Every structure is written in C-alpha cells, then in structure tokens.
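The values are calculated or read from the model by the stated rules, or taken from the named source; none is laboratory data. Keep in mind it's a predicted model, so treat the numbers as computed, not measured. When we count neighbours, we look across all protein chains shown, and the Cβ atoms used for this are built from the backbone with ideal geometry, even at glycine.
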Amino acid sequence: MFKVLVFSYYYPPLGLSGVQRTLKFTKYMGKFNWQPTVITTGNIAYFAHDYSLLKEAEEAGVNIIRTEANDINAILGKQYQTVKMPNEIWRKLFSRLSKIFFIPDNKKSWSKKAYKIAKDLLQKEKFDIIFVSIPPFSSFIYAAKLKREFGIPLIVDYRDLWYGNHFAFYPTPYHRYKHKKLEYNALSAAEKIVVINREIKEKLLLTYPFLKYDEVVIIPHGFDPADFEMKNEKNVRSTKMKMTYSGIFYENITPEYFLKAFKQVTLERPDIAANIELEFIGHLRKENKKLIMELGINDSVIDYGYLDHKEAIKKIKSSNVLWMMIGPIHNADTISTSKLYEYFGSRKPILGSVIDGTAKAALQKYGASFITAPDDINEIKEAIINIHELFVMKKLPVPNEEFILRHDRISLTDRLVKIFQFYLREE
C-alpha cells in the first residue's frame, strides 16, 4: 500500500463536525490502497468527545500517533475531559485575546511537537504524501517545513479560509501582514491545494496570484453512506412535525431569530405551533435556554444535549424537517458547514436560514429546501407555517438524488487519492 502522513489536530475521540472530514477521508483511504498515519492530539479537554468516531478510525486500520503540547485545550485538562462551552461573550473575548498573542493560532505548540514526531518518523519510514487539514493553520506551516526538508509532495486541505477568515481578527497591521506572509510561504511549498468550495478557491487565487487555477481543486464536504444504513430505532409514533437542529451555536450561528419566529407562530397560529416539536442536538448553551424560557416556548422544545454521532444520525433520520442557519459575518459566503452536507445524506427537507453564498447555492441544488434570510423573523415564521401545511398534506418536497450522490464520502475520498496518485506518477 502507498503511505500518507496526515496532520490533523481535530480527530476522534474529539467530537463535533470539525473532525468529520479528515476522519472520513482516512477511514476510506484503505479502499484505494492508501495507508494513512495520522498525527493528532493526545489527552486534551474539548467541548465534546465521541468514541464511536474513534472506533470507526480504528476499525478502518488507521495508524494514529498522539502527541501532547501546551496548547489551550491541553491546559484545560490533561485527560479526555469534556468541558462546557463558555458563555458566548466570554468565548469571543478569549478568542480575541488568543489572536492577539498567537500567530497564526494557539495550536502552535502542538504543531511544533507534531512536526518533531513527523520528522523522526520520516527518517525511519518512507511516506509517499504529506496531507494536512487546516485549521489549525500552524500545522500547515510545519507540514510545509517537512516537505522542504524531505521532498515529499504536500497536499493541503482548506476546511476554512486562512487569511481573511470569517472569524479572523487582526488587531494591528503587523498581524495582518504576518498571517498573509505565513500563508504565502506555506502555499509556496504545496503541490496541490484542496478547498471545500468555489468561494474559497476564488479568494485564494485573488489573494495569491502566483497560484495557478488548476493547482486549487474543489472537493466539497459530504456524508458517509454507512452512517445512514443504520436502521431507525423504534420511535413512538407521533402526529407532530419534528423540526431538528444538530450542531453548536457560536459567533454568527444563533437560534435567536428562529426561536422568535416560532414564538410568532404560537401567537398567530397556535393550532400549528401545538403540532410542532423543536429538537436540538448538541450544545444549546445557557443563553439560548434562557431565551426559550423568556419566550415561553419551552414546552415545544426538546434539548437532547450532545449525542455521539450515531445517536445524532438516528435523531436526524427520525425527524421530519431539519433546520440550519448561517448569519451575516465577514466572508460568510465561504462557509459551507459540514453539518449541512450530513443533512443532505438524510434526504430530509431543510429549512435553511442563510446568507447568499455557497451554503445557499448548495441548498438550492439540493431541491428539498426552504430558504430564508437568517435574521428575518417574519420570513422564517411564514416558512414554518408553509412547511407545516405541506407536512399535513404529505407533500413535503423530495431532494435531488443526483446532487446527493455527488457528496458520498467514499467517492470524495476517491477524488482525493487520485490527486495523491498523480504525484506518484510524476516521481
């Protein structure tokens, strides 16, 4: 088998959607004659842990090397502790402070340690490709350093934009300059740049004119068909329409407008509101629970908390309609959250409260979508009423199957390893 060395800070047993892309790539690489060795985090604290995802990697035969470092998550706890997300005000403050003092990110300590382990490994074993998934962006810097030292082809996977990222904060001109220079140097070492959508590709090409169009390849997010082959649990039959959200809320992703829209439904159409259940899977957070109580809609809300991936998928499969949102923020058009593509795998109708951008375009192609502005309470309210009417008449829309099948994780991994193969043929 060919061998690929993978840098991935976010990898099981860490949970949440950020681990899914690299996990699923490495899970299916073996089907295409590639053996992945993943260098990832050791015993760190995080907002969620999911051992069912770790089991997937282990059963697929992925080699996993773990390393400790003095990054922020390791400081929170030296073992696999699941810690609560802080209040959003505090989380933003900590994030801003971190971006002042750490360039390019607060995972520099881990990335440096991972580099040293990789360097020792490369001196003993032959690897055909180095593959790094970002963020954290510091891991790209050290992967580029390894490429220059060992001459092994480097492929980088952008799950988010680096320079000009939608959550970027540059307190001084120096910070802006330094980020751009570091990314320029790392990109100069990469043979191929993989991105999740066209918007990120276009911004990279505009920011770094030395990049050629064909050097940046789009491989979108996807869903794992194996996740949806599980049989549904036996659910108690209910005539109520279930509307489900799976994920976390932070920055510009908030349930505020959706909850206020549902409150309006309770006032204008109490008959409809009484027939709807709002389900939340993940971290609903204290401030959002407080809003639910203030609005007086707590009887309509079910908060499941964080569930492991398999259990979350079961809830998604048993739902009638899924909801997601992306609010306005700088460069939010580059966001195509992996959770949305997992929604696509469920083949359920989706209410998408999103801005113009890649997520909205994907929802339109999916077909079974109801799209509103993210912060238009009246528009969301009308969409909920419309969806319920279609639900009662059993006329909810059916998605575009051809579009869904293009986002199968197995075929997406096939596209990735074909890029690997190209650089083998060049040698």
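The residues of region 369-427 that are surrounded by 14 or more Cβ atoms within 10 Å (Cβ to Cβ) and more than 28 Å from the chain's Cα centre (by Cα), listed by number, are 382, 385, 388, 390, 391. Determine whether region 8-18 contains at least one residue that is on the phi > 0 side of the Ramachandran plot, out of contact with any helix residue (DSSP H, G or I) (no Cβ under 7 Å at 6 or more places or on another chain) and crowded, with 16+ Cβ neighbours inside 10 Å. Yes, the conditions are met somewhere in region 8-18. For region 190-201, the criterion of a residue being in contact (Cβ under 8 Å) with a residue 12 or more places away in the chain, assigned by TED's automatic domain parsing to the domain that holds residue 287 and out of contact with any strand residue (DSSP E or B) (no Cβ under 7 Å at 6 or more places or on another chain) is satisfied by no position.
For every residue, the table says whether it meets (1) part of a helix (DSSP H, G or I); (2) free of Cβ contacts under 8 Å to residues at least 40 places away in the same chain; (3) surrounded by fewer than 19 Cβ atoms within 10 Å (Cβ to Cβ); (4) in the same structural domain as residue 391 (by TED's automatic domain parsing).
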{"position": "211", "(1), (2), (3), (4)": "no, yes, yes, no"}
{"position": "257", "(1), (2), (3), (4)": "yes, no, no, yes"}
{"position": "310", "(1), (2), (3), (4)": "yes, no, yes, yes"}
{"position": "317", "(1), (2), (3), (4)": "yes, no, no, yes"}
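Restricted to helices (runs of 4 or more DSSP H) entirely inside region 353-407, those with at least 2 residues that are closer than 20 Å to residue 334 by Cβ and modelled with pLDDT under 95 are 358-366. Of the residues screened, residue 382 is one that is under 23 Å from residue 268 (Cα atoms) and of a type in the set (Asp, Glu).
I'd like to know if region 332-341 contains one or more residues that are out of contact with any Lys or Arg (no Cβ under 7 Å at 6 or more places or on another chain) and surrounded by fewer than 18 Cβ atoms within 10 Å (Cβ to Cβ). Looking through region 332-341, none of the residues is out of contact with any Lys or Arg (no Cβ under 7 Å at 6 or more places or on another chain) and surrounded by fewer than 18 Cβ atoms within 10 Å (Cβ to Cβ).
Applying the condition of being farther than 30 Å from residue 406 by Cβ and among the polar types (S, T, N, Q) to region 179-205 and asking which residue is surrounded by the most Cβ atoms within 10 Å (Cβ to Cβ) yields 185.
In summary, residue 55 fulfils each of the numbered conditions (1) surrounded by 16 or more Cβ atoms within 10 Å (Cβ to Cβ); (2) part of a helix (DSSP H, G or I) with the single exception of condition (1). With respect to residue 272, is the statement that it is in contact with a helix residue (DSSP H, G or I) (Cβ under 6 Å, 6 or more places away or on another chain), in the same structural domain as residue 245 (by TED's automatic domain parsing) and either among the aliphatic types (A, V, I, L, M) or without any contact (Cβ under 8 Å) to a residue 60 or more places away in the chain (or both) true? Answer is yes for this residue.
Just one residue in the set 284, 267, 307, 322 is more than 24 Å from the chain's Cα centre (by Cα) and of a type in the set (A, V, I, L, M, F, W, C); that residue is 267. Scanning for something out of contact with any Leu (no Cβ under 7 Å at 6 or more places or on another chain), under 20 Å from residue 419 (Cβ atoms) and in a strand (DSSP E or B), does region 134-152 turn up at least one residue? Looking through region 134-152, at least one residue is out of contact with any Leu (no Cβ under 7 Å at 6 or more places or on another chain), under 20 Å from residue 419 (Cβ atoms) and in a strand (DSSP E or B).
Does region 94-103 contain at least one residue that is crowded, with 16+ Cβ neighbours inside 10 Å and touching a strand residue (DSSP E or B) at 6+ places or on another chain (Cβ under 7 Å)? No, every residue in region 94-103 fails to be crowded, with 16+ Cβ neighbours inside 10 Å and touching a strand residue (DSSP E or B) at 6+ places or on another chain (Cβ under 7 Å).
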